[in-house]
Amino acid sequence: MNEHHYRWRNKELREHVSVIDGLLAPTLLLTNAVYLNVFLKKWMKANIWIYKDRIVYVGERMPGNTSGMETVDCQGKFVVPGYIEPHAHPFQLYNPHQLSEYVSQTGTTTLMNDNLIWLYLLERKKAFTLLDKFMDLPVSMYWWARFDSQSSLQDELEIFNNAQVLAWLEHEAVVQGGELTSWPQVLEDDDRILYWMQESKRLGKPIEGHFPGASEHTLAKMKLLGASADHESITGKEVYDRLQMGYQVGLRYSSIRPDLPKLFAEIKELGIDNFDQLTMTTDGSTPSFYEHGMMNQCIKIALEQGVPAEDAYMMASYNAAKHFNMRDRLGSIAPGQVAHLNILEAKDNPDPVSVIAKGQWIKKEGQLVDQEHAIDWSNYGIGKLALDWDLHEGDLQFSLPIGLEMVNDVIIKPIALTIDVTVEEIENNYEEAFLMLVNREGKWRVNTVIKGFTNRLGGLVSSYSNTGDIVVIGKHKHDLLLAFQRMKEIGGGIVLAHKGKIIFELPLALAGMMFEGKMEDLMEKEKTLKKILKEYGYQFDDPVYNLLFLSSIHLPFIRITPNGIMDVKKKEVLFPAIMR
């Protein structure tokens, strides 16, 4: 680990003090700035001195040394801290660099990111080198330490063991433990995860829960065991219950749960007028949801719902920094802070006209500034998916008596099969389609049927999934084989085939999981995917998340996992995976 990525060296600290003494000039001076002082919750006028990546002074004084300094007059504008996304899943088709670069343009300059994909793709040393590389970007990229896979893996203990989890927790780029989807096991008897929770707290890093619909009883017990925060509230009452127990509460506005306007309306009715324990999150939305930005959209909703401007901006900056015990570095405009600042034309318009990240211009007077920051993914062994095996007709044998029925985007229930699934094609007058999960290395498969995803599409094959294994869905076995072959040829991605033709492909050139290219192009691809699936009988809202959630055992009631078809509530494998 390169410690200079996470703290300033003594030489740098002395330079910062020398700027105050006039021995060095600031690199950037913002004059006549009306800025949000989060400590007083007031708008104040000041000059803001920035030296490289740090704010060194905020006040009435002008620097004594101005040699080579850039000066920007902020008269008539308002300056707020760079926005913080406290709960990012930075691999929902996009990759973390691509996402951070795009959302920084609208003011989100810090992301607290899920680390799950690195646990699957990279050995630890290489992953930690990548975390250091991310810290070279203008956007501050911090990470979680997952305690569980939120699926049922055959090699779970190889990924989630003491050495692995504790090493992640101790890393300087890691700011929290969780999110904790395996809380039922912790409540029951899982002392291993409980130990990791206590280690996280010992290191001063909070525990993010995942408690949808949890009772007061459960919330109290999880608080006793160390949980610090939760972002799963879908009603104002659930927000209230968590707040009164001392939880930090994330209010969600995501592609699959756009609850934020409703939550603000309901907590207002409940008399909640203190927002200090609240943050907002987009919770890893799918690409096109970010077309107009990230945290700026949440702030806009807060303002529309009558939240005071000071609180609205603090919910997307200081409150998150305080929660992660990083208030000395992030979330405010004050001496010592990383120079993340957004310059606004009006207090009620959170879309910044200018964005500064680590003292560098991301956007200036409405014009994007070219960024020369790139990540060579090949240095970390991340490239096109190279499968050394093929899918054959013999793999497409379906005989289980039970299938999966989609109730909505997140709930799947078991169904007894009443149709013949030994056929070459399931006729279009049935809502069922073949469903298979195949190991990325080609070692095993799980075959069943899914109802509700499509009523006539020949085949969909996706290397994007919760576990990194291959998802196969469709009505016709020939189209399934065709789609698989094309997915293999392009090095991973999502491919649709129908009546012997490829009708859509989305290449995911980074490990078959993430797109390499412009975010705008990915958004258009995702919109096209959704449009085509709707034409072929898809009836829900977020097909990308559906592919992710097929193996996610933190959601009811039944899932297809690497271990087999699983009853989520009982944590029982109903039908095991078959070795190929």
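The values are calculated or read from the model by the stated rules, or taken from the named source; none is laboratory data. Computed from a predicted model, the values in this text were never measured in an experiment. Cβ: placed from backbone, ideal geometry, glycine included. Neighbour counts: every protein chain shown. Accessible surface is based on the protein model in full, side chains and every heavy atom, while ligands, DNA and RNA are left aside. Shrake-Rupley method; radii C 1.70, N 1.55, O 1.52, S 1.80 Å.
Observations
- Linear extension gain, residue 192 paired with residue 218, 0.36 nm per residue minus alpha-carbon span: 7.4 nm
- Residues with amide H under 5 Å from that of residue 504, placed H, sequence gap 5 or more: 496
- Highest average packing first - 411-418, 224-231, Cβ atoms within 10 Å: 224-231, 411-418
- Taking Cβ atoms as reference points and 10 Å as the exclusive limit, the residues near residue 438 contribute a net charge of +1, counting Lys and Arg as +1 and Asp and Glu as -1.
- If both residues of a DSSP beta bridge must be in the chain, then about 70% of such bridges are antiparallel.
- Summing +1 for each Lys or Arg and -1 for each Asp or Glu among the other residues whose beta-carbon sits under 14 angstrom from that of residue 221 gives -4.
- Solvent-accessible area per residue, Å², over segment 82-332 with all protein chains present [probe radius 1.4 Å]: 32 Å²
- Sorting the segments 478-485, 210-217, 401-408, 29-36 by their mean number of nearby beta carbons within 10 angstrom, highest to lowest, gives 478-485, 29-36, 401-408, 210-217.
- The angle separating the long axis of helix 216-225 from the principal Cα axis of greatest extent in the chain is about 70 degrees.
- ³J(HN,Hα) computed for each position of segment 201-212 - Karplus, 6.51 cos²θ - 1.76 cosθ + 1.60, integer Hz, glycine/proline x: 5, 4, 7, x, 10, x, 10, 8, x, 8, 10, x
- Taking amide H as placed 1.01 Å from N in the peptide plane, the amide H of residue 251 sits under 5 Å from that of 279, 280, 281, each at least 5 places away or on another chain.
- The chain, Cα convex hull volume normalised per residue, Å³: 145 Å³
- Mean separation of Cα contacts under 8 Å, 6 or more apart, over the residue count of segment 319-423: relative contact order %: 11 percent
- Using the Karplus relation 6.51 cos²θ - 1.76 cosθ + 1.60 with θ = phi - 60°, the per-residue 3J(HN,Hα) values for segment 107-112 come to x, 7, 10, 9, 10, 9 Hz, with x marking Gly and Pro.
- Point-to-point label distance, residue 201-residue 235, nm (Cα→Cβ direction, 7 Å offset): 2.9 nm
- Of 77/527; 133/363; 201/237; 221/300; 125/363; 42/221, pairs whose Cα-Cα distance is over 29 Å: 77/527; 221/300; 125/363; 42/221
- Solvent-accessible area, 1.4 Å probe, carbon plus sulfur percent, for segment 82-332: 48 percent
- Counting heavy atoms of the protein chains alone, residue 572 has an accessible area of about 90 Å² for a 1.4 Å probe.
- Close amide H partners of residue 493, meaning residues 5 or more places away or on another chain with modelled amide H under 5 Å apart, are 463, 464, 508.
- Most to least accessible of 358, 347, 531 (protein chains only, probe 1.4 Å): 531, 347, 358
- Accessible surface, 1.4 Å probe, highest first, among residues 389, 118: 389, 118
- Of the trypsin sites (Lys or Arg not before Pro) in segment 1-49, the ones in a loop by DSSP (not H, G, I, E or B) with at most 16 other beta carbons within 10 Å are 7, 9, 41.
- Residues 276, 541, ordered by accessible area of protein heavy atoms at a 1.4 angstrom probe radius and largest first, appear as 541, 276.
- Segment 250-263 - phi-based ³J(HN,Hα) in whole Hz, Karplus 6.51/-1.76/1.60, Gly and Pro as x: x, 8, 9, 9, 10, 5, 9, 9, x, 7, 3, x, 5, 5
- The overall shape of segment 393-579 is rounded: from the C-alpha gyration tensor, with semi-axes ordered a ≥ b ≥ c, the ratio a/c is less than 1.5.
- Length released on extending from residue 265 to residue 325, taking residue separation times 0.36 nm less the Cα-Cα span: 18.7 nm
- Percent carbon-and-sulfur accessible area, segment 435-580, ignoring ligands, DNA and RNA, probe 1.4 Å: 52 percent
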